[in-house]
1. Can you tell me which residue within the stretch 151-174, out of those that are surrounded by fewer than 16 Cβ atoms within 10 Å (Cβ to Cβ) and in contact (Cβ under 8 Å) with a residue 40 or more places away in the chain, is nearest to the ligand (Cβ to nearest atom)?
2. Assigned by TED's automatic domain parsing to the domain that holds LYS2, under 22 Å from PRO65 (Cβ atoms) and away from the ligand (no atom under 12 Å from the Cβ): does that describe GLN224?
3. Out of LYS125, LYS109, which single residue is more than 14 Å from the ligand (Cβ to nearest atom), part of a loop (DSSP other than H, G, I, E, B) and either under 21 Å from LEU155 (Cβ atoms) or more than 19 Å from the chain's Cα centre (by Cα) (or both)?
4. Of everything in the stretch 1-53, what is more than 23 Å from LEU166 (Cα to Cα) and among the aliphatic types (A, V, I, L, M)? Give them in sequence order.
5. Quick check on the stretch 76-106: of everything there that is in a loop (DSSP other than H, G, I, E, B) and within 16 Å of the ligand (Cβ to nearest atom), which residue is farthest from ILE18 (Cα to Cα)?
6. Report every pair of residues separated by at least 6 positions or lying on different chains whose Cβ atoms are under 8 Å apart, first residue within the stretch 192-219 and over 25 Å from ARG74 (Cα atoms), second outside any helix (DSSP H, G or I) and of a type in the set (Asp, Glu).
7. Under the condition of being open to solvent by 20 Å² or more (accessible area, probe 1.4 Å) and in a helix (DSSP H, G or I), which residue from the stretch 64-75 is nearest to the ligand (Cβ to nearest atom)?
8. For the stretch 108-121, check the following and say yes or no: at least one residue is modelled with pLDDT of 95 or more and within 27 Å of ASP23 (Cα to Cα).
Amino acid sequence: MKKIVVLTGAGISAESGISTFRDSGGLWEKHKIEDVATFDAWCRNRELVLDFYNQRRRQLAEVTPNAAHLSLARLERKFEVQVITQNVDDLHERGGSTHILHLHGEMVKARSTVDENLIYTIGYKDINAGDKCEKGSQLRPHIVWFGEAVPNISLAAEMAHQADILIVIGTSLNVYPAAGLAQVTRAGCRKFLIDPKAGELNLGLAWTIMAKPAGEGVPELVDQLLQEA
Ligand code: OAD
């Protein structure tokens, strides 16, 4: 079976009703990264950080996967599919994909502040000041904040390097090291980019560009690849 690696960003969840970060009206226009998404912010104002992610988690409970998430699950009928996502939502899981690597953490999990291996599934519940891990330390969102290491990046790079087909969907490719994954494929790997602003990303001639919303472009590409297989 051919291997497909799919690298996704916030754009794939936009049509489900989750704001992206850098589009106009995006999350980083309404909140400052340094106030809510860094370890310093957590040390300075834990309540504000918890509240930011509690709001995001409550919103996540209200939304559903869209045609793009659902179509990616269909690809598994004929391909070995690995999704690598920068998203912290669980819409790939709910959309039916079975191999998903989260680069920037997961909203439905909390983790200990003294032992990074103590990770708890909390679903869509809030994390409050005073909620503790079994070792007695405050729980934090299981999110990779700016300035923190991305533990899954080496595994993701190996996966991307094995791909016969790479599909990049809905990411501005602004944030490293995740953005670098688009460049680590082998010679001969077919590469597709689906993003309404794809034309602005300048990835080079080897890419097939689909300047469309994910809800339209992904089902179209999935149909094409399933037909060819
Ligand atoms: P960005 O907000 O930087 O980029 C979103 C991309 O989605 C843009 O290229 C848009 O053109 C595209 N887009 C918008 N609507 C779309 C649609 N309907 N279909 C397809 N694409 C669409 O989001 P990311 O690249 O995911 O990290 O951001 C990367 C990381 O920066 C995030 O994981 C997050 C953020 O800060 C952390 O919080 C650690």
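The values are calculated or read from the model by the stated rules, or taken from the named source; none is laboratory data. Here the structure is a predicted model, which means the values were calculated and not measured. Ideal geometry is used to build each Cβ from the backbone, glycine not excepted, and the neighbour counts take in all protein chains shown. Side chains are part of the model used for accessible areas, which takes the heavy atoms of the whole protein and leaves out ligands, DNA and RNA. Shrake-Rupley method; radii C 1.70, N 1.55, O 1.52, S 1.80 Å.
1. ASN174
2. For GLN224, the condition - assigned by TED's automatic domain parsing to the domain that holds LYS2, under 22 Å from PRO65 (Cβ atoms) and away from the ligand (no atom under 12 Å from the Cβ) - is met.
3. LYS125 is the lone residue from the list that is more than 14 Å from the ligand (Cβ to nearest atom), part of a loop (DSSP other than H, G, I, E, B) and either under 21 Å from LEU155 (Cβ atoms) or more than 19 Å from the chain's Cα centre (by Cα) (or both).
4. ILE18, LEU27, ILE33, VAL36, ALA37, ALA41, LEU48, VAL49, LEU50
5. LEU103
6. What qualifies is LEU201/ASP195.
7. Only one residue tops the list, namely ALA67.
8. yes
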